[in-house]
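Everything on this sheet refers to the single structure shown next.
The values are calculated or read from the model by the stated rules, or taken from the named source; none is laboratory data. For clarity, every value in this text was computed on a predicted model and none was experimentally measured. Please note: Cβ atoms are built from the backbone with ideal geometry, for glycine as well, and neighbour counts cover all protein chains shown. Each accessible area value is taken on the protein alone, full model and side chains, heavy atoms only, with ligands, DNA and RNA left out. Shrake-Rupley method; radii C 1.70, N 1.55, O 1.52, S 1.80 Å.
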Amino acid sequence: MAEEKLPNWLKNRAHLSPDRPAIEFEGHTYSFLELYTLSEKMAGRLSSIGLGAGDSCAVLLRNHIDGVVVIHALFHLGVKIVMLNNKLTAKELSWQIGDSKTAYLVSEGSFSGKLAEIGEILPDLKLHLMEELPDEGTAGILQEFYLEDTATIMYTSGTTGNPKGVIQTFGNHWWSAVGSVLNLGLHEEDSWYCAVPIFHISGLSILMKNVIYGMKVVLAERFDEREANRSIQENGVTIISVVTAMLNRMVQDMKGTSYPKTFRCFLLGGGPAPVHLLEVCKEKGIPVYQTYGMTETSSQIVTLAPEYSMTKIGSAGKPLFPSQLRIEKDGTMCEPGEVGEIVVSGPNVTKGYFNRMDATQQAITDGWLYTGDLGYLDEEGFLYVLDRRSDLIISGGENVYPAEIENVLSTHPDVFEAGVTGTEDEKWGQVPLAFVVLHQGAELGESELLEYCREYLASYKIPRNVIFCKELPRNGASKLLRRELKKEMGEWQ
Ligand code: ATP
Ligand code: MG
């Protein structure tokens, strides 16, 4: 069978709907034709530094129209893109660039400090600022994308260990976009707000939908709750992708106002969703669809369908149409309600980690990806995600999920955020320890907070201690690093 291919996405989109709005950025709207023209020119400039089909190139970009242009330009040239997280340190970035074996880095002047350090660590790296690329140069633009070809290599957040370079093919991105739209549908007036980073799959997947659907995207350089709310209330945004902290801030900022009927939903993903926040949204009539996904699934793979958003609160939903899901424990399928590892498959699932045969073989068997996350299905097949297997605390033989305790702690009005991890205990094997950041000015004591926990949690889930601290350790994707909690305990006590 001939290899499957599709016409070059942005080029095709510019051909089919040249005048439709593609990206709105800082008040200016670029049509698909304009976006294509910019990316074609950029492809020429990038080819003049030697980039061409089969190469790979790392990019360190902001959420900016120029970043979007560079991404499409590299696709036009047939260059695999290593998407770097711009919040990482120069050391972390250099490690990823080295690991991905790429010879090129394209970035921009605003990262000059980091770039200088990277240049010192990797003296052979061909480092270019996009604003200083030569102005001449024309390039042959790929007319077709082969679905089997690697489009991007994206490192996982590194929440549980060293980041791994996930290979994402054009087919993975295509099927992710298709799976999402088969669930959410596409409305003519749809406009998707992207304040999540475009170097992360949450943001990049919006850029893929942008050209595949021909749908407008409003791109924000950084997240600001007032600006995001204004875009929904006054600027016609219909869908917005958020993580819990963003949703929380937007809901607090609403102060009695509401969203127009044209607003379709918050797509909430990236980590555990506190049930109390979902309930607040339900009371206020704010549509929130929980999603579950990861870098390895090229964005969401499980999403709560619109009609269940209010009745199946707390569930991440069912797999998107092209994907499948099962729960396994010790090699056998779990019964409904029984907790096991979440295992997924589908055309959006990665074929593996770059240059990491061991990790690939460990994670993928017969096309099924073992996610390392624990969860269960209810009788109707709805998924409930509990926590990462590696964060599970086993106390006196009982399973304790840190996310459940964090959820309860964070419902206390004085608590700003909470992190829970296990610590050794002679009697119980392990017991939970809580790390809590209070709201400014709050004066809450340990015993009072533990008393509060007793109202909501069984005794074996009650943290042995509460350690109050100024902030919690987070990685470049703002995810809580539970394994670092105890490490820093000394400094906080
Ligand atoms: P690493 O794999 O390097 O440790 P990471 O898993 O945090 O990093 P991502 O791919 O960005 O990197 O995150 C995906 C993970 O986020 C999932 O495997 C899961 O643990 C968590 N997650 C995503 N959606 C949800 C959800 N709805 N509920 C609970 N956890 C979620
Ligand atoms: Mg992971």
Exercise. Using alpha carbons only, how many degrees (0 to 90, rounded to 10) separate the axis of helix 112-121 from the longest principal axis of the chain?
Worked result: 90
For this session: State, to one decimal in nm, how far the label point of ASP425 lies from the label point of THR29, with both points 7 Å from Cα in the Cβ direction.
Result: 5.8
Exercise. How far is helix 244-254 tilted, in degrees, relative to the longest principal axis of the Cα atoms in the chain, given as a value from 0 to 90 rounded to the nearest 10?
Worked result: 90
For this session: Quick one: accessible surface of ASP330, probe radius 1.4 Å, all protein chains present, in square angstrom to the nearest 10.
Result: 150
Exercise. So which lysines can LYS470 reach, going by Cα to Cα under 29 Å and dropping same-chain residues fewer than 8 places off?
Worked result: LYS87, LYS91, LYS114, LYS255, LYS461, LYS479, LYS486, LYS487
Problem set entry | Positive-end residue of MET208, ILE97, GLY445, charge dipole of the chain with Cβ unit charges | MET208
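Given a 1.4 angstrom probe, what's the average accessible area per residue across the chain, in square angstrom? Spell out each step's value before the answer.
Details: 21980 Å² over 493 residues.
Per-residue accessible area for the chain comes out at 45 Å².
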For this session: Would you please name the GluC sites (Glu not before Pro) within segment 351-454 that are DSSP coil residues with at most 16 other C-beta atoms within 10 Å of their C-beta?
Result: GLU379, GLU380, GLU426, GLU443
Seminar exercise, completed: Subtracting the Cα-Cα distance of THR311 and SER112 from 0.36 nm times their residue separation yields 66.7 nm
For this session: Could you state the angle between the C-alpha long axis of helix 225-234 and the longest principal axis of the C-alpha atoms of the chain, as a value from 0 to 90 degrees rounded to the nearest 10?
Result: 70
Problem set entry | Separation between Cα centres of segment 101-150 and segment 227-247, rounded to whole Å | 32
Seminar exercise, completed: Counting only protein heavy atoms and leaving out ligands, DNA and RNA, the solvent-accessible surface of THR332 at a 1.4 Å probe, in Å² to the nearest 10, equals 80
For this session: Of all alpha-carbon pairs in segment 395-492, indicate the percentage at a distance above 24 angstrom.
Result: 16
Exercise. What Rg and what Dmax come out for segment 171-389 when only alpha-carbon atoms are used, in angstroms?
Worked result: 17.2, 53
Problem set entry | Sequence of TRP174, TRP192 when ordered by accessible area, the most exposed leading, probe 1.4 angstrom | TRP174, TRP192
Exercise. Any idea what log10 I(q)/I(0) is at q = 0.06, 0.11, 0.13 Å⁻¹ for the chain, Debye with uniform C-alpha scatterers and no solvent?
Worked result: -0.28, -0.97, -1.34
Exercise. In square angstrom, rounded to the nearest 10, how much accessible surface does THR262 have for a 1.4 Å probe?
Worked result: 90
Problem set entry | Share of carbon and sulfur in the accessible heavy-atom surface of the chain [1.4 Å probe, %] | 49
Exercise. In deg cm²/dmol and to the nearest 500, what is the mean residue ellipticity at 222 nm of the chain if only DSSP H runs of at least 4 residues count, each as -39500 (n - 2.57), divided by the residue total?
Worked result: -9000 deg cm²/dmol
Exercise. What spacing in nm lies between the two simple spin-label points modelled at GLU148 and LEU186, each 7 Å away from Cα in the Cβ direction?
Worked result: 2.7
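Looking at segment 246-275, which trypsin sites (Lys or Arg not before Pro) are DSSP coil and have at most 13 other C-beta atoms within 10 Å of their C-beta? Let's see the in-between values first.
Numbers: sites: ARG249, LYS255, LYS261, ARG264; in loops: LYS255, LYS261, ARG264.
In loop regions of segment 246-275 (DSSP not H, G, I, E or B), the sparsely surrounded trypsin sites (Lys or Arg not before Pro) are LYS255, LYS261.
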